[in-house]
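The structure appears right after this line, and notes come after that.
The values are calculated or read from the model by the stated rules, or taken from the named source; none is laboratory data. Computed from a predicted structure; not experimentally measured. Quick reminder, even Gly has a Cβ in these numbers, built from the backbone with ideal geometry, and neighbours come from all protein chains shown. Just so you know, the surface numbers come from the protein's heavy atoms only, side chains and all, with ligands and any DNA or RNA stripped out. Shrake-Rupley method; radii C 1.70, N 1.55, O 1.52, S 1.80 Å.
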Amino acid sequence: MKLESTKAQMRKGVLEYCILSVLENKPLYVSDIVQNLEKSELVVVEGTLYPMLTRLKNEGYLGYHWEESFQGPPRKYYELTEPGKLFLAELGKFWKELVDAVFRINCQQ
């Protein structure tokens, strides 16, 4: 049970970076964000995603706009703001440093 808990914490720790990365090139609807994450085998449920999107929006890293849908009510599309793009770039640098550090530790074994 401890392993699954630790794995879940690790996934949650990188989820913010992954969400911002998915939104780097174009605005997406929540189900599109989920699909993009799943393509990379990072499984996440919308119930986990919504609070994180709201927090990122409140911090100024994401914006959104509404688009009419052919299949029901309008849809909210999330997009990176300029501060969000800068934040993503900084997270990307840190991610590379972190991966490199872990790799160096593994190579010492």
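Assign unit charges at the C-beta atoms only (+1 for Lys and Arg, -1 for Asp and Glu), then state the dipole size of the chain relative to its Cα centre in Debye, rounded to the nearest 20.
In total the dipole reaches around 320 debye.
Can you compute 3J(HN,Hα) from phi for each residue in the range 62-77, using the Karplus curve 6.51 cos²θ - 1.76 cosθ + 1.60 with θ = phi - 60°, rounded to whole Hz and x for Gly and Pro?
Taking θ as phi minus 60°, the curve returns 10, x, 8, 9, 9, 10, 5, 10, 6, 10, x, x, x, 10, 8, 9 Hz for the range 62-77.
Please give the residues of the range 9-31, grouped as numeric ranges, whose backbone N is less than 16 Å from a label point set 7 Å along the Cα-to-Cβ vector of residue 105.
9-11, 13-14
Mind checking the alpha-carbon convex hull of the range 10-54 and giving the volume per residue in Å³?
On the way: hull volume 3.1 nm³, N = 45.
Each residue corresponds to 68 Å³ of Cα convex hull volume.
Of 98, 43, 83, whose Cα points farthest to the positive end of the dipole of the chain (charges on the beta-carbon: +1 Lys, Arg; -1 Asp, Glu; origin at the Cα centre)?
The residue sitting most towards the positive pole is 98.
Number of Lys pairs in the chain with C-alpha atoms less than 17 angstrom apart, excluding same-chain neighbours closer than eight positions?
Taking the chain as the scope, the lysine pair count is 10.
If I take every Cα pair under 8 Å that is 6 or more residues apart in the chain, average their sequence separation and divide by the length, what percent do I get for the relative contact order?
Normalised by residue count, the contact order of the chain is 26 percent.
Which order do 66, 95 take when ranked by solvent-accessible area (1.4 Å probe, heavy atoms of all protein chains), largest first?
The residues order as 66, 95, largest area first.
How large is the Kirkwood hydrodynamic radius of the chain, in angstrom, based on all distinct alpha carbon pairs?
Working: mean 1/r = 0.0653 Å⁻¹.
Over the chain, the inverse of the mean reciprocal pair distance is 15.3 Å.
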